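The numbers here are math on the coordinates, done by the rules we state, and not lab data. Owing to the predicted nature of the structure, the values given are computational and were not obtained by experimental measurement. With ideal geometry, Cβ positions are generated from the backbone for all residues, glycine too; neighbour counts draw on all protein chains shown.
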Amino acid sequence: MIHGHARRKRHSPTYKAWAGMHVRCRRHPHYVRGGVRVCARWSSFQAFLADMEERPRGATLDRKENALGYFPSNCRWATWSQQARNQTQRTPVTAFGETLLLSEWSERTGLSVGRIWARIYIDRWPAEAAVTTPPHRASTTCKKGHPKPHAGQCPECKRVYNHARYHGRLAQAQDRGLLLPDEGTSEDLEQEL
């Protein structure tokens, strides 16, 4: 082991990236079936370190061309967003006449990749709406504008909230002061809904 890459039985991030590369190529079905291999030079950690240098903080080992294996001219240290652009199954989205990858729309708008993808491919939103609509925030008031409790009844309009979690826990709600004992039983609450 090279000095500084194993401290107190813990390996450095660079060493973990090197070891992970070898494990993926030997055991991961996608890599094995695709013929992704590590070059002979990189069977030595010292050679890998000399070619790639230390792993920068927040970076991971990335292959520039996914169809090719791990060798010096095909590998780089990349951020997660850079890697997302290099995936085999990248998803371009056209909105406002501009085509970007989901990861790029995510960076630009602040919405998560998963949220944009779900809006377009599950909820069937137009791309423009999917990348511009802010996430829905849960209301903090009841329908009449009173502050909404986490469970129990609105003290003003007596509407029951969070019924699924509240059902069967009437005694707990009473103990916590969310519902007074004379405000009804769980059967009464079920009939009101």
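One table, with the values for the structure above:
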read-out	value
Shape call, the range 92-132: gyration tensor on alpha carbons, a/c limit 1.5	oblate
Inter-site label distance for T94 and H11 at 7 Å from Cα along Cβ, in nm	4.6
Global geometry of the range 41-83, whether rounded, prolate or oblate, following the gyration tensor of its Cα atoms and the 1.5 cut on a/c	oblate
